[in-house]
Amino acid sequence: MQHIKRGYRGLSLLFNLNWDRILYLTTIAVALLAGGFIGSL
């Protein structure tokens, strides 16, 4: 059980450190998809 808690805590720490990068990459991906959709019309 402690191993699971440690893994969750480590994953949570990584997410907290990198949430802005994840948001940045997600925004770029959404923009590319939207541009591709609009370009195909």
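Restricting the range 1-29 to residues that are of a type in the set (S, T, N, Q) and loosely packed, with under 10 Cβ neighbours inside 10 Å, the residue that is modelled with the highest pLDDT is ASN16.
Looking at the range 30-37, can you tell me whether even one residue there is loosely packed, with under 10 Cβ neighbours inside 10 Å and at pLDDT 75 or above?
So far as the range 30-37 goes, yes, one or more of its residues are loosely packed, with under 10 Cβ neighbours inside 10 Å and at pLDDT 75 or above.
The values are calculated or read from the model by the stated rules, or taken from the named source; none is laboratory data. Keep in mind that this is a model prediction, so the values were computed, not measured. Glycine gets a Cβ as well: all are built from the backbone with ideal geometry, and neighbour counts include every protein chain shown.
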